[in-house]
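Undergrad: Here's a structure for you.
The values are calculated or read from the model by the stated rules, or taken from the named source; none is laboratory data. The shown structure was predicted, so the numbers you read here are calculated from the model rather than taken from an experiment. All Cβ positions, even for glycine, are placed from backbone atoms using ideal geometry, and neighbour counts span all protein chains on display.
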Amino acid sequence: MTLVSTNLDDPSLQGLGMYVSLRGASDAGHAHDLVCNELFAHLKSELYARFDADELVVYSTQRPRVTFIGDHFAGYQEPRLEIYLMTDELDRKFWFFAGVEPDLRWERTIAELLNFIQAFNVNLVIGTASLPMPVPHTRPVGVTAHGNRKDLIENISTWSPTAETPSGLTSLLEIRLNDAGRDVVGYSLHTPHYLAEAEYPAAAVAALEHVGAALKLALPTEKLREAGRLIESQLAEQLEGSNDVKQMVLGFEKRFDAHAQEHDRRSLLLDEDERIPDADELGASVENFLATIEDNAQWLDANREPRDNDSTSDDPDQ
């Protein structure tokens, strides 16, 4: 990691919180891109540290974007992993660690990040991720809260499983921070699996709401809310045209509502027979939904929020 700011001895930088958002395997609904676009578009930011992405990213796995213009290539968007000092809408500062999730050298990356956290005495690290789940878009975005700050996670989770899952850098970071005696919290948002490949602003709004509440920050969400309302309206029209998909969503609603009324926090993944849907069933549901909007794909492109892959911006993943 390379420190790029010369303003490192400012005492006001001590004791701030840190928000971690990485584009990795768990980014249903493009929540990371939406969060970054919103923060960098509306908040003041200053680059403080940069990791060498060329040593951390396998390009054949995470291929950077490039633009072809008629007869030549331009606008190569190199992968980035950086730490920014952000200022919220009430002039309160926080660190933002954002970019692509490294493919390589996780332990070294985390060790360098821990050195930064210790040097600036970061008081709380919060990470968010967006997971594809069999939940309806017609209900509030659910969350699984985790970490070592009980006051920030108790009675928040809508699903608290015991399961073995593929790890991400933020998962390992949470473990290493806890081992180091540092306060750390994570919020994994539940995005409808049938919308996992589309932009789903509601998940990004939920992420910013949880982070803002935990770090006592005023984070921008209005543009995301507007985009979310537009998408909800368009989805309602799409559902009216497909009885099969409507029944699928109604089934998710019934399960969601029944779960919300229970006290044992039963898994949202369980169906009416207490059985977890298998991959084929989930895949069939996704295919059915996508089939209903195939003829209307233009509205997804016309109305989606711009991402860092689409235009030049201050987004660290550009």
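Undergrad: From the set of residues in region 88-106 that are charged (D, E, K, R) and without any contact (Cβ under 8 Å) to a residue 60 or more places away in the chain, which is nearest to His30 (Cα to Cα)?
TA: By that ranking, first place goes to Asp103.
Undergrad: Which one is farthest from Leu16 (Cα to Cα), of the residues in region 143-202 that are touching a Phe, Trp or Tyr at 6+ places or on another chain (Cβ under 7 Å) and among the hydrophobic types (A, V, I, L, M, F, W, C)?
TA: So, considering only residues that are touching a Phe, Trp or Tyr at 6+ places or on another chain (Cβ under 7 Å) and among the hydrophobic types (A, V, I, L, M, F, W, C), the one farthest from Leu16 (Cα to Cα) is Val143.
Undergrad: Which ones in region 174-191 are over 25 Å from Ala258 (Cα atoms) and either aliphatic (A, V, I, L, M) or touching a residue at least 40 places away in the same chain (Cβ under 8 Å) (or both)?
TA: Those that are over 25 Å from Ala258 (Cα atoms) and either aliphatic (A, V, I, L, M) or touching a residue at least 40 places away in the same chain (Cβ under 8 Å) (or both): Glu174, Ile175, Arg176, Leu177, Ala180, Arg182, Asp183, Val184, Val185, Gly186.
Undergrad: Among the candidates His146, His193, which residue alone is touching a Pro at 6+ places or on another chain (Cβ under 6 Å) and closer than 30 Å to Gly251 by Cβ? Walk me through it before giving the result.
TA: Working: His146 fails: touching a Pro at 6+ places or on another chain (Cβ under 6 Å).
Being touching a Pro at 6+ places or on another chain (Cβ under 6 Å) and closer than 30 Å to Gly251 by Cβ holds for just one of His146, His193, which is His193.
Undergrad: Could I ask something else about it? Just wondering, is there one or more residues in region 65-82 that are more than 25 Å from Glu199 (Cβ to Cβ), in contact (Cβ under 8 Å) with a residue 24 or more places away in the chain and within 22 Å of the chain's Cα centre (by Cα)?
TA: no
Undergrad: Based on this model, can you work out whether Gln247 counts as within 19 Å of Val135 (Cα to Cα), loosely packed, with under 14 Cβ neighbours inside 10 Å, polar (S, T, N, Q) and modelled with pLDDT of 50 or more? Let's see the steps before the verdict.
TA: Details: within 19 Å of Val135 (Cα to Cα): yes; loosely packed, with under 14 Cβ neighbours inside 10 Å: yes; polar (S, T, N, Q): yes; modelled with pLDDT of 50 or more: yes.
Spelling it out, Gln247 is indeed within 19 Å of Val135 (Cα to Cα), loosely packed, with under 14 Cβ neighbours inside 10 Å, polar (S, T, N, Q) and modelled with pLDDT of 50 or more.
Undergrad: While we're on this one: For region 131-173, which residues satisfy the criterion of being without any contact (Cβ under 8 Å) to a residue 24 or more places away in the chain, of a type in the set (D, E, K, R) and over 24 Å from Thr109 (Cβ atoms)?
TA: Across region 131-173, the qualifying residues are Lys150, Asp151, Glu154.
Undergrad: Please verify whether Ala119 is aliphatic (A, V, I, L, M) and free of Cβ contacts under 8 Å to residues at least 12 places away in the same chain, treating the condition exactly as stated. Lay out the reasoning, then the answer.
TA: Working: aliphatic (A, V, I, L, M): yes; free of Cβ contacts under 8 Å to residues at least 12 places away in the same chain: yes.
Considered against the rule, which asks whether it is aliphatic (A, V, I, L, M) and free of Cβ contacts under 8 Å to residues at least 12 places away in the same chain, Ala119 comes out as yes.
Undergrad: Mind checking whether some residue in region 92-100 is within 20 Å of Glu174 (Cβ to Cβ), touching a Cys at 6+ places or on another chain (Cβ under 7 Å), among the hydrophobic types (A, V, I, L, M, F, W, C) and surrounded by 21 or more Cβ atoms within 10 Å (Cβ to Cβ)?
TA: Yes, there is a match, as at least one residue in region 92-100 is within 20 Å of Glu174 (Cβ to Cβ), touching a Cys at 6+ places or on another chain (Cβ under 7 Å), among the hydrophobic types (A, V, I, L, M, F, W, C) and surrounded by 21 or more Cβ atoms within 10 Å (Cβ to Cβ).
Undergrad: Same structure, new question: Restricting to region 10-23, what's the tally of residues that are in a loop (DSSP other than H, G, I, E, B) and either surrounded by fewer than 18 Cβ atoms within 10 Å (Cβ to Cβ) or on the phi > 0 side of the Ramachandran plot (or both)?
TA: Counting residues in region 10-23 that are in a loop (DSSP other than H, G, I, E, B) and either surrounded by fewer than 18 Cβ atoms within 10 Å (Cβ to Cβ) or on the phi > 0 side of the Ramachandran plot (or both) gives 3.
Undergrad: Separate question: Could you check region 57-110 and list, in sequence order, the residues that are in a strand (DSSP E or B), aliphatic (A, V, I, L, M) and out of contact with any helix residue (DSSP H, G or I) (no Cβ under 9 Å at 6 or more places or on another chain)?
TA: The answer is Val66, Ile69, Ala74.
Undergrad: Do we find that Gly228 is touching a Gly at 6+ places or on another chain (Cβ under 8 Å), within 29 Å of Thr87 (Cβ to Cβ) and either among the aromatic types (Phe, Trp, Tyr) or crowded, with 20+ Cβ neighbours inside 10 Å (or both) in this structure?
TA: No; evaluated as a whole, the condition is false for this residue.
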